[in-house]
Every structure is written in structure tokens, then in C-alpha cells.
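As C-alpha cells, the structure follows; a few thoughts come after it.
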Amino acid sequence: MSTSTTATDLSATLSLRDLVVWQDPNRMSGIPCFAGTRVPIRSLFDYLEAGDSLTEFLDAFPGVTKEQALGALRLGKEQLLPESGPL
């Protein structure tokens, strides 16, 4: 049996936030960025607020995956909406 950790094993132990958001006080002044990039999470919301599509955002920031962008939206939704159901 192998003792190495696979990407699947690693993703099972990380939270959605860990897979999507990267924050380090020594980089980008601690601004939350998409994991593995220097793209601020705020950029996604700015694009959407301006009326741009998710595809336009992803085209502008090719280092961000669709899964990361959707994960960021999901994290925002989880923060705003209670688990008990619709408001």
C-alpha cells in the first residue's frame, strides 16, 4: 500500500475555502486571492457587478479556474444564506 498522498486525498481533507481562497499577509497585502494566483477574489465580484459574465472574468484571468470562481460564489452564498432554507 502506498503512503503517498494523492490530489484526491488532499482535496478531501481541505475545506472549500482552502481550495478556493489563498490569503497571506506577506503577499498582496493580505488581500484574499484565488488559490495559486495573485487574482483578488474581489475581482470576480467586481466583474459580475459590472454586468460581465463569468466567462468574461475567466477569459481575463486565465489562472483562475471555473471551479474556483464557482467555489467563491458558493462561499459567498453560504455566508449570506442560512442553511435552514430560503429566507
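Label zone (Leu14, point 7 Å along Cα-to-C-beta; backbone nitrogen cut-off 20 Å) within segment 52-68: 58, 61-68.
With contacts taken as Cα pairs under 8 Å and at least 6 residues apart, segment 7-78 reaches a relative contact order of 27 percent. Full extension of the segment from Arg38 to Asp24, taken as 0.36 nm per residue of separation minus the current Cα-Cα distance, would add 4.0 nm.
Read-outs: derived from the displayed coordinates by stated rules, not from any lab. Keep in mind the model is a prediction, meaning the values are calculated, not measured. Positions of Cβ are generated from backbone atoms using ideal geometry, with glycine treated the same way; all protein chains shown enter the neighbour counts.
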